[in-house]
Structure formats: structure tokens, C-alpha cells
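Laboratory data are not the source of any read-out in this text; all were calculated from the coordinates shown. Quantities reported herein were computed from a predicted structural model and do not represent experimental measurements. Virtual Cβ from ideal backbone geometry, glycine too; neighbours counted across all protein chains shown.
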Amino acid sequence: MTKGFVISMAIASAALAGSAVAETIAPDAVEIVDMEVAASLTGQPGDPIAGRKTFADRGKGNCLACHLNEDLKEQLFHGEVGPPVDGAADRWTASQLRAIVVNSKDVFGGQTIMPGFYTLNVGINVAEEYQGKTILTAQEVEDVVAYLMTLSQ
């Protein structure tokens, strides 16, 4: 092994070790500042393929219930309540999209019916089985954001 290869492997190992110990930001610790959540919730990059699946999953985010998405045209029943997500990466930064997915009501001053997907502030009369839980995990939020960042026109 060459000295350069050993150094490269040491750097890669340190990077992996550092990312493995990255802590997930708890939903009640997420700060939305100027309509953005700047840092990853997990310290890990999002997976756009997993994010596409979550976006289309009617049992998870159920994003298609409100948003038209040409990329998922094979799915039926796209909603028209929310804005189309086509070109989302052209209109929003990843930090802005993260904030919107985390809690759109904080971003838009309550002027939306979109639920907060990574917040514990979900209103009143929450069924007991869902109290203290988020709709999506922190990594699912990162995955959805990574997917939305692939939607440019």
C-alpha cells in the first residue's frame, strides 16, 4: 500500500466515523430561521430514491393527496390543493424545502393546510397512539428534500 492510499483511507474512515456519530435533531429542537432549516436533521445526506418512495407512499407523507407531481404520473389521484412540486428545486433551496417539510405552518405563518411532518406541534385532539410522534422520521425528511431537489425544469 502506498502512503497516499493509507492517508486517503484514514480520511475516509474518519469521515465515516464522524457521520456515524452525527446525532439526529429532535423534532422539538429544530429551529426554523428565516424560512430555513439550514442543517441536515440527521447529519446524513438524503436518498432521493427513498424520498420519491416516501413522497408517493399514501401511508406515510401522502404528498400526492395535495401536490401534482409529473415525475409520479404513474400514480393516480394527484391533488391540486397544494402547489405542483414540478420545478421545486428551481423555486426553493434545500434549506427552505427542509423547513417546509418539517413544519410548513411555521414557514408560512399558519397560512397553509399542509401538516408539519417533523414536529410535535400538531394541534389538539391527537389520537393517543400518535401523541408525541412525528409523521416522518428525520431521515425521511432528508430523503424527501433530496428527492424534491431533483425536480427541476
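Ordering 147-153, 107-113 by mean Cβ neighbour count within 10 Å, with the highest value first, yields 147-153, 107-113. Lysine pairs in the chain whose alpha-carbon atoms fall under 19 angstrom of each other, counting only those eight or more residues apart or on distinct chains, come to 5.
For the residues Gly43, Gly123, Gly61, a GNM of the chain with alpha-carbon springs under 10 Å puts the largest fluctuation on Gly123. Applying Stokes-Einstein at 37 °C and 0.692 mPa s to the Kirkwood radius of the chain, computed over alpha-carbon pairs, gives a translational diffusion coefficient of 196 µm² s⁻¹.
This ranking places Met114, Met35 by how few other beta-carbon atoms lie within 10 Å of each, fewest first, which gives Met35, Met114. Charged side chains reduced to their Cβ positions (Lys and Arg at +1, Asp and Glu at -1) give the chain a dipole of some 280 debye around its Cα centre. Identify the residues of the range 110-139 with backbone N under 19 Å of a label point that sits 7 angstrom from the Cα of Ile49 along the Cα-to-Cβ direction, or state none. Under cut-off, by backbone N: 139. Considering only Ile25, Ile135, Ile124, the Gaussian network model of the chain with Cα springs below 10 Å gives its largest mean-square fluctuation to Ile124. Once you've got the GNM for the chain with C-alpha springs shorter than 10 Å, pick whichever of Val102, Val141, Val81 has the biggest mean-square fluctuation. Sorting by GNM fluctuation, first place goes to Val81.
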